[in-house]
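To start, the structure itself, in structure tokens.
The values are calculated or read from the model by the stated rules, or taken from the named source; none is laboratory data. For clarity, every value in this text was computed on a predicted model and none was experimentally measured. Every residue, glycine among them, receives a Cβ derived from its backbone with ideal geometry; neighbour counts consider all protein chains shown.
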Amino acid sequence: MKKLTWQSLLVLIALWLTLYFNIHSWADKAVSWLPLTPDSRLREALAFFFYDAPKVLLLLSAVVFVMGVVNTWFTPERTRALLAGRSQGLANILAASLGVVTPFCSCSAVPLFIGFVQAGVPLGVTFSFLIAAPMVNEIALTLLLGLFGWKIAILYLSLGLLVAIVGGLILGRLKLEKYLEQWVQDIPKKLLSFESENLSFSARLHYGAVAVKDVVGKIWVYILLGIGVGAFIHGYVPENFMASFMGKEAWWSVPLAVMIGVPMYSSAAGIIPVVQALLAKGAALGTVLAFMMSVVALSLPEMIILRKVLTVKLIAIFISIVASGILLVGLIFNLVL
Amino acid sequence: MLNIKVLGGGCSNCKIAYRLIEDVSRELGVDVVLEKVEDMQEIMGYDVMSTPAVVINETVVHRGGVPSRKIVEEWFSKM
């Protein structure tokens, strides 16, 4: 791949802005050319798809690019160096926030976990990071921004961080070190040196471009699928259909949503368009957010991976605390809004 | 001869990285001993926090993702 320069970056930004601010009218035109009666269901569904699919993909490419560049400053090694030797409290806030900007894949959860323990990062702080990293990420935030607007995106960001910070604080207070697998407890603590890589700015831009190719190249199918399902719900499911069993009055729908969501595994990309359609048909925001958080934050595959370092008991405590946090967020939301 | 280890607990990216290194070494005709390291304790011995990582003759040369083909070719040309 060619190295990105400042000049080509500016051209790309101009192109992106032109596309982004014209999609709405272009999508309208495209749909109006189709031989469909106005206000028909198929037309509603197609209008939703034609507008939202390119919008979300554009937003996603931009955010993944920016985050790919930002990630080059926040390697896991640097994050660990920032967290090592700190005590509970402020460090939990720092850990949760770093969880948002540090690249994280659940397949790396184990080496990351041990790396933190080894460097003397307190367990509760490590958990704050582990809760925030998968739950609050750039993909989730972009989709929320694109499909729900900035208010809900910021709400999700703050509530996700809150669950991660408070969850980590509680887990830290519980003194759970003895429930780590024995071999993890036996790892000698050591001081690790950290040298930051000196990358040129164009090298960082290059990493951003690679991230777009990797991430968008991998998840665009799921996004289109999700938006497709969303479009179908938009066009064909009657208004307020969801209100009776996912509405505010149905308080039990929040725990139910969390229970269904915890073992489920989906990337934010696949779940958010569906969630948006549910919301449009009368589901309550708290219920929907709780569902989404539990799907993205906790999953069976991740727990199986973490079983290598955590005993079953510690995993159970971890899941219950995070799930209760999400449950509370959902319930409070439905009460307040 | 190069001793190359691919560190990673069996994730899909680790397999992709392994195959890539295998391919490139065969294409360039470099004499390598390629090894998969999946044991967590051994991986941690290299102080690696993000997998897949690549170790050549006991030095960590790459971590946290599948290396690009160009980077792999550079490793071999330098040796």
Just checking, which of B:Val60, B:Val37 is surrounded by 15 or more Cβ atoms within 10 Å (Cβ to Cβ), more than 10 Å from chain A (Cβ to nearest Cβ) and among the hydrophobic types (A, V, I, L, M, F, W, C)?
-> B:Val37
Of the residues in region B:15-35, those that are under 17 Å from B:Gly64 (Cβ atoms) and touching a residue at least 12 places away in the same chain (Cβ under 8 Å) come to B:Ile16, B:Ala17, B:Tyr18, B:Leu20, B:Ile21
Do we find a residue being at pLDDT below 85, within 16 Å of the chain's Cα centre (by Cα), surrounded by fewer than 19 Cβ atoms within 10 Å (Cβ to Cβ) and part of a helix (DSSP H, G or I) anywhere in region A:197-205?
-> no
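Is it true that some residue in region B:23-33 is surrounded by 15 or more Cβ atoms within 10 Å (Cβ to Cβ), more than 8 Å from chain A (Cβ to nearest Cβ), under 20 Å from A:Thr72 (Cβ atoms) and out of contact with any Gly (no Cβ under 8 Å at 6 or more places or on another chain)? Even if it seems obvious, please write down each step before you answer.
Going residue by residue through region B:23-33, those that are surrounded by 15 or more Cβ atoms within 10 Å (Cβ to Cβ) are B:24-25, B:30, B:32.
With more than 8 Å from chain A (Cβ to nearest Cβ) added as a condition, the list becomes B:24-25, B:30, B:32.
Then keep just the ones that are under 20 Å from A:Thr72 (Cβ atoms); that gives none.
Checked region B:23-33: no residue is surrounded by 15 or more Cβ atoms within 10 Å (Cβ to Cβ), more than 8 Å from chain A (Cβ to nearest Cβ), under 20 Å from A:Thr72 (Cβ atoms) and out of contact with any Gly (no Cβ under 8 Å at 6 or more places or on another chain).
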The helices (runs of 4 or more DSSP H) lying entirely within region A:78-139 that contain at least 2 residues which are farther than 30 Å from A:Leu57 by Cα and of a type outside the set (A, V, I, L, M) are A:109-118, A:123-135
Matching residues, region A:230-246, being crowded, with 16+ Cβ neighbours inside 10 Å and either under 26 Å from the mean Cα position of the chain (by Cα) or of a type in the set (A, V, I, L, M) (or both) = A:Gly230, A:Ala231, A:Phe232, A:Ile233, A:His234, A:Val237, A:Met242, A:Met246
If we scan region A:210-223, do we find a residue that is at pLDDT 80 or above and either over 23 Å from the mean Cα position of the chain (by Cα) or assigned to a loop (DSSP other than H, G, I, E, B) (or both)?
-> no
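For A:Ala45, are the conditions met, namely being in contact with a His (Cβ under 7 Å, 6 or more places away or on another chain) and buried (at least 16 other Cβ atoms within 10 Å of the Cβ)? Even if it seems obvious, please write down each step before you answer.
Details: in contact with a His (Cβ under 7 Å, 6 or more places away or on another chain): yes; buried (at least 16 other Cβ atoms within 10 Å of the Cβ): yes.
When the stated conditions are applied, A:Ala45 passes them.
Take the residues in region A:78-92 that are of a type in the set (Gly, Ala, Ser) and over 17 Å from A:Ile114 (Cα atoms); name whichever of them is surrounded by the fewest Cβ atoms within 10 Å (Cβ to Cβ). Give the steps one after another, and end with the answer.
In the first step, residues of region A:78-92 are kept if they are of a type in the set (Gly, Ala, Ser); the result is A:81, A:84-85, A:87, A:89, A:91.
With the extra rule that they be over 17 Å from A:Ile114 (Cα atoms), the set shrinks to A:87, A:89, A:91.
On the way: A:Ser87: 11, A:Gly89: 14, A:Ala91: 26.
Among them, the one singled out is A:Ser87.
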Hits in region A:252-311 - residues which are part of a helix (DSSP H, G or I), among the aliphatic types (A, V, I, L, M) and within 14 Å of chain B (Cβ to nearest Cβ) = A:Ile304, A:Ile305, A:Leu306
On the given criteria, is A:Thr142 within 14 Å of chain B (Cβ to nearest Cβ) and touching a residue at least 24 places away in the same chain (Cβ under 8 Å)?
-> no
Look at B:Asp31 and say whether it is of a type outside the set (A, V, I, L, M, F, W, C), modelled with pLDDT under 90 and touching a Ser or Thr at 6+ places or on another chain (Cβ under 9 Å).
-> yes
